[in-house]
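Below you'll find the structure, written out as structure tokens, and then a few comments.
The values are calculated or read from the model by the stated rules, or taken from the named source; none is laboratory data. Given the structure is predicted, the values throughout are model-derived calculations rather than measurements. Counting neighbours? That spans all protein chains shown, and the Cβs are built from the backbone with ideal geometry, glycine included.
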Amino acid sequence: MPPVWKALLGSGEEREKAMEEVRRCLKTLESVLDRNRFFRGETIGLVDIAANFIAFWLRAIQEVSGLDFMNADQLPLLIKWCEEFVSCNVVKEHLPPRDKLITFMKNWLSGNGWTD
């Protein structure tokens, strides 16, 4: 989380260093997937639940900010996991509506002086 906030709220070299750190952490996490649907195999486990920030929130932050934290070229297994995770009915039931999250993020970022 700290490097994500540094990337969002920082600028220039500080932002780039934070982006590199985020990508490095995501790559490490992706290496654990090992082509499984979820982190423990075919069923959702504790790591998947803990990583919901990446699947839902980080992707929304990325969309609103325009920063490229992760994409299918760099992290194909993690992107696939994100899609699988947020598509699960049990997960979807407990996530806020995406459109409201995007509106919240836009308002939050503009209120914190974030600029592209």
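Assorted remarks:
- Once the stretch 1-15 is narrowed to residues that are surrounded by 14 or more Cβ atoms within 10 Å (Cβ to Cβ) and within 17 Å of the chain's Cα centre (by Cα), the residue that is farthest from residue 96 (Cα to Cα) is 15.
- Positions within the stretch 16-32 being in contact with a helix residue (DSSP H, G or I) (Cβ under 7 Å, 6 or more places away or on another chain) and either crowded, with 16+ Cβ neighbours inside 10 Å or in contact (Cβ under 8 Å) with a residue 40 or more places away in the chain (or both), in sequence order: 18, 19, 22, 26, 29, 30
- Within the stretch 25-47, the set of residues being farther than 19 Å from residue 4 by Cβ and among the charged types (D, E, K, R) comprises 34, 35, 37, 40, 42.
- Of the candidates 59, 35, the single residue that is buried (at least 17 other Cβ atoms within 10 Å of the Cβ) and among the basic types (Lys, Arg) is 59.
- Meets criteria (among the hydrophobic types (A, V, I, L, M, F, W, C) and touching a residue at least 60 places away in the same chain (Cβ under 8 Å)) for residue 67: yes
- Of all residues in the stretch 70-98 being over 14 Å from residue 59 (Cβ atoms) and either of a type in the set (D, E, K, R) or loosely packed, with under 11 Cβ neighbours inside 10 Å (or both), the one that is modelled with the highest pLDDT: 73
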